[in-house]
Amino acid sequence: YKTWMQMLLRIFLYDKVKLSFMPYDTHKYKGFDYYFRAAGAFSICTLFTTLLVYPFDLVHTRISADMTQKG
């Protein structure tokens, strides 16, 4: 559940976040600057997806724990 939702959000958000980190053509960025910007975009994208998916994962975990039989 959590994995496919996070992957879809990362796919949809990564290009938008990367565009804010690299507003020009990617060929203008060389060496460390390119990798630093790409890693920063991926980190921000991962943070957004985790913040969006974590509450749903927490609710799913609590519901699963409450469904156990007592006694």
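Per-structure values
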| item | result |
| --- | --- |
| ³J(HN,Hα) computed for each position of the stretch 27-36 - Karplus, 6.51 cos²θ - 1.76 cosθ + 1.60, integer Hz, glycine/proline x | 6, 7, 9, 10, x, 4, 4, 5, 5, 5 |
| With at most 16 neighbouring Cβ atoms within 10 Å, loop chymotrypsin sites (Phe, Trp or Tyr not before Pro) (DSSP) excluded, longest segment of the chain | 30-71 |
| Average Cα contact separation per residue, the chain, under 8 Å, 6 or more apart, as relative contact order % | 42 percent |
| Local net charge near Phe42, Cβ-Cβ under 13 Å (Lys/Arg +1, Asp/Glu -1) | +3 |
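Bear in mind these aren't lab numbers, they're just calculated from the coordinates by the rules spelled out. Because the structure is predicted, anything quoted here is derived from the model rather than measured. Methodologically, a virtual Cβ is constructed for each residue, glycine included, from the backbone with ideal geometry; neighbour enumeration extends over all protein chains shown.
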